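Peer 1: Take this structure, written in structure tokens, and hold onto it; I'll ask about it next.
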Amino acid sequence: MAESQEILLQQIKEQGDIVRKLKAAKESGDKQMKAQKCTYNLEGIDKHLSQFSYLSGYTPTQLDIDIINKLGQDIAFQKYKYIKRWWYHMRSFNESEINLFPVCCSPNAFKNLQIGNDKSYDQQIQIEVSKLLALKAQLGTEDVSSQKFVLKTPKGTRDYNPQQMTIRNNVLQKIITVFKKHGAECIDTPVFELKEVLTGKYGEDSKLIYDLKDQGGEILALRYDLTVPLARYLAMSKINTLKRYHIAKVYRRDNPAMTRGRYREFYQCDFDIAGQYDLMVPDVECLKVVTEILDALDIGKYVLKVNHRRLLDGMFEACGVPVDKFRSTCSTVDKLDKSPWEEVRTEMINEKGITPDAADRIGEYVRLNGGAELAEKLLKDEKLSKSKAAVEGLEGIKLLLKYSELMGIKENILFDLSLARGLDYYTGVIYEAVLTQPIKVGNEELAVGSIAGGGRYDNLVGMFDSKNKQVPCVGVSIGVERIFSILEAKLASGDINVRTNDIEVYVASAQKNFLEERMKICAELWNAGIKTEQSYKKNPKMLNQLQHCEENGIPLAVVLGESELKRGVVKIRNITTREEQEVPRDNLVEELRTRLDALNVKEINGTA
């Protein structure tokens, strides 16, 4: 221990010398050292990247690579979080991808972020001082009692108390019940993947992937969703058909909105059907699964919006959007559920390079929604009818709506041309479940919005197969975090109550020195599969024992007394009605089972 501390003290001394030399060089105006480090207006760059994905806007260019190389790695990332996101994202591109980057299409976008050499020493000193402080902090790790911790969860994460976990487990159980009813099998995949597995699958959202440090030669990243890991699993395992569900946490380096159920660590509940099947047959079953889950959860009225990626491509083609801008335009249209058309139109024109005429033509279509009659009308549209992609998409929507009627869910479906879903891997039908009315929580109304989404992705598995073998897939993801937020808000307002344990019977004693007899009965009831509890005190007060039952919703109590045991009986007390009845000690298990079967299930299992 002393030897390691001596090494640490030597490192602190050496780091201190570096800091002193830098400060001395700053004071003397050492031009030679000043020229060694080419620095930029990092505050300006960070502010710029808080609004744009790249230095020239929303598309990576050679400018990003040039500046990355000049900046090097000595950046105070804890101070410049948007530079950090951009820096690691740019480092994820390989050389072949970088060679395809265009030159900066908007050179003026960087004019205010140019060289700022007057701050070069300050920035370098700040970096070295932070390293010195980190070394000094290690000196105190042996004396844990003297450390002062900031007790908080990381940004975008949270803890869950027993009541919240009870709500979550009940919701997940209902969802799993529906998944299993449709024949889905459960799988699991690692929480992290090789970064190359995730890169390039999410469009503009790729910048939200959590990168991990080099782990023994593997560049890893936390999973962004459960769909890409499924595709990797299918390709790696050579599986051609699978109906699976997967419930697990995913991670996104997003700006969290905790009150709206938007986190950096959160659960996804996915249901997917992989395999070569007839058109729209598995797709409509996914819609049916969503309706069954939302009906079971009973959190409010909803509508299932549907659209088709091929129709969107055909619409963009008919409106004069270049093919290479289809995906970026689709990502912009996807914002219509949160932003008005004028804002979306402005982004299309100013940031995505779409002409005003093309944007206006798109605007005419994305305002449309309806049912099968709308699909028929659009098939006769002069522009769309000339697009093979648009016709293919409309025919698919017609078939999906027909099957929806057969499934008895037609009233829940809305064909909506504004639905885009920005993820790049979708190839066919896409859908999204939206609550149509605010949720009443106490005296307030809570707007929720999208609560489930999914679609068809036929080409994703082939990206991982060495022979590009395709396994068509369609699936849906339930937005459980938003569901949790709704129910937790109702809990906080007193609209619902939950039990946090499943105890059915409490073994109590009315007199002293009954601990051993209580233990015998507890063991007997546990062996019989009855959920049982007792006080851990040797001689608890009777009133405290009964209060514990009332506070925790325990329905029955077995009350022991000296005179009763001498007669070979015990008392069973109904906590709610306070009625007591003597039963033979030897028949206790059977008597308890009879009474538990007669009680309301909700009274026992804690369901909200």
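Peer 1: Tell me the residue from Glu342, Glu317 that is open to solvent by 70 Å² or more (accessible area, probe 1.4 Å), touching a residue at least 60 places away in the same chain (Cβ under 8 Å) and either touching a Phe, Trp or Tyr at 6+ places or on another chain (Cβ under 7 Å) or not in a loop (DSSP other than H, G, I, E, B) (or both), please.
Peer 2: Glu317
Peer 1: Follow-up. The conditions are (1) buried (at least 22 other Cβ atoms within 10 Å of the Cβ); (2) more than 30 Å from Glu551 (Cβ to Cβ); (3) under 17 Å from the mean Cα position of the chain (by Cα), and Ser477 fails exactly one of them. Which is it?
Peer 2: It is condition (1) that Ser477 fails.
Peer 1: Among residues belonging to region 153-185 that are of a type in the set (D, E, K, R) and closer than 15 Å to His246 by Cα, point out the one that is farthest from the chain's Cα centre (by Cα).
Peer 2: Applying the filter and picking the extreme gives Lys181.
Peer 1: For region 449-474, how many residues meet the condition of being crowded, with 19+ Cβ neighbours inside 10 Å and of a type outside the set (D, E, K, R)?
Peer 2: Result for region 449-474: 12.
Peer 1: Let me ask something else. Which of the residues spanning region 254-289 are in contact with a strand residue (DSSP E or B) (Cβ under 9 Å, 6 or more places away or on another chain), aliphatic (A, V, I, L, M) and assigned to a loop (DSSP other than H, G, I, E, B)?
Peer 2: If the condition is that a residue be in contact with a strand residue (DSSP E or B) (Cβ under 9 Å, 6 or more places away or on another chain), aliphatic (A, V, I, L, M) and assigned to a loop (DSSP other than H, G, I, E, B), then Met280 is the only one that fits.
Peer 1: Of all residues in region 21-52, which are modelled with pLDDT under 80 and among the charged types (D, E, K, R)?
Peer 2: Residues satisfying the conditions are Lys21, Lys23, Lys26, Glu27, Asp30, Lys31, Lys34, Lys37, Glu43.
Peer 1: Take Leu446 and decide whether it is open to solvent by less than 10 Å² (accessible area, probe 1.4 Å), at pLDDT below 95 and either under 20 Å from Cys473 (Cα atoms) or not hydroxyl-bearing (Ser, Thr, Tyr) (or both).
Peer 2: So Leu446 does not fit the description; no.
Peer 1: Filter region 432-463 down to residues that are touching a Gly at 6+ places or on another chain (Cβ under 6 Å) and within 16 Å of Ser331 (Cα to Cα), then give me how many there are.
Peer 2: Count: 2.
Peer 1: If you don't mind, there's one more thing I want to ask. When region 480-498 is examined, which residues are found to be open to solvent by 50 Å² or more (accessible area, probe 1.4 Å) and at pLDDT 85 or above?
Peer 2: Answer for region 480-498, where residues must be open to solvent by 50 Å² or more (accessible area, probe 1.4 Å) and at pLDDT 85 or above: just Arg482.
Peer 1: Do you know which residues across region 537-580 are closer than 21 Å to Asp502 by Cα, open to solvent by 20 Å² or more (accessible area, probe 1.4 Å) and of a type in the set (A, V, I, L, M, F, W, C)?
Peer 2: Leu546
Peer 1: Now, a different point. Do we have Ile397 as buried (at least 20 other Cβ atoms within 10 Å of the Cβ) and outside the structural domain of Lys377 (by the TED database) here?
Peer 2: In short, no.
Peer 1: Could you list, in sequence order, all residues of region 354-389 that are of a type in the set (Lys, Arg), surrounded by 13 or more Cβ atoms within 10 Å (Cβ to Cβ) and under 14 Å from Gly314 (Cα atoms)?
Peer 2: Within region 354-389, Arg361, Lys383 qualify.
Peer 1: Turning to a different aspect of this structure: Testing Ala221 on (1) touching a Lys or Arg at 6+ places or on another chain (Cβ under 9 Å); (2) under 23 Å from Asn169 (Cα atoms), one condition comes back false. Which one is that?
Peer 2: (2)
Peer 1: So, one more: Identify all residues within region 56-98 that are among the charged types (D, E, K, R), modelled with pLDDT of 80 or more and under 20 Å from Ala221 (Cα atoms); write none if there are none.
Peer 2: Lys81, Lys84, Arg85 - these are the residues of region 56-98 that are among the charged types (D, E, K, R), modelled with pLDDT of 80 or more and under 20 Å from Ala221 (Cα atoms).
Peer 1: Looking only at region 7-21, which residues are open to solvent by less than 80 Å² (accessible area, probe 1.4 Å) and either free of Cβ contacts under 8 Å to residues at least 12 places away in the same chain or not assigned by the TED database to the domain that holds Gln123 (or both)?
Peer 2: Asp17
Peer 1: Still on this structure, I have one more. In region 320-338, which residues are in a loop (DSSP other than H, G, I, E, B) and open to solvent by less than 30 Å² (accessible area, probe 1.4 Å)? Steps first, answer last, please.
Peer 2: Step one: filter region 320-338 for residues in a loop (DSSP other than H, G, I, E, B), giving 320-322, 338.
Within region 320-338, just Val321 meets the criteria.
Peer 1: Mind checking which helices (runs of 4 or more DSSP H) fall wholly inside region 479-561 and carry at least 1 residues that are among the aromatic types (Phe, Trp, Tyr) and outside the structural domain of Asp225 (by the TED database)?
Peer 2: The qualifying helices (runs of 4 or more DSSP H) are 515-527.
Okay, residues lined up against (1) touching a residue at least 40 places away in the same chain (Cβ under 8 Å); (2) under 28 Å from the mean Cα position of the chain (by Cα); (3) assigned to a strand (DSSP E or B):
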position	(1), (2), (3)
Glu395	no, no, no
Leu414	yes, yes, yes
Arg421	yes, yes, no
Tyr426	yes, yes, no
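The values are calculated or read from the model by the stated rules, or taken from the named source; none is laboratory data. These figures come from a predicted structure and were not determined experimentally. A quick note on method: Cβ atoms are made from the backbone with ideal geometry, for glycine too, and the neighbour counts reach across all protein chains shown. In case anyone asks, the SASA skips ligands and DNA or RNA and just uses the protein heavy atoms, side chains included. Shrake-Rupley method; radii C 1.70, N 1.55, O 1.52, S 1.80 Å.
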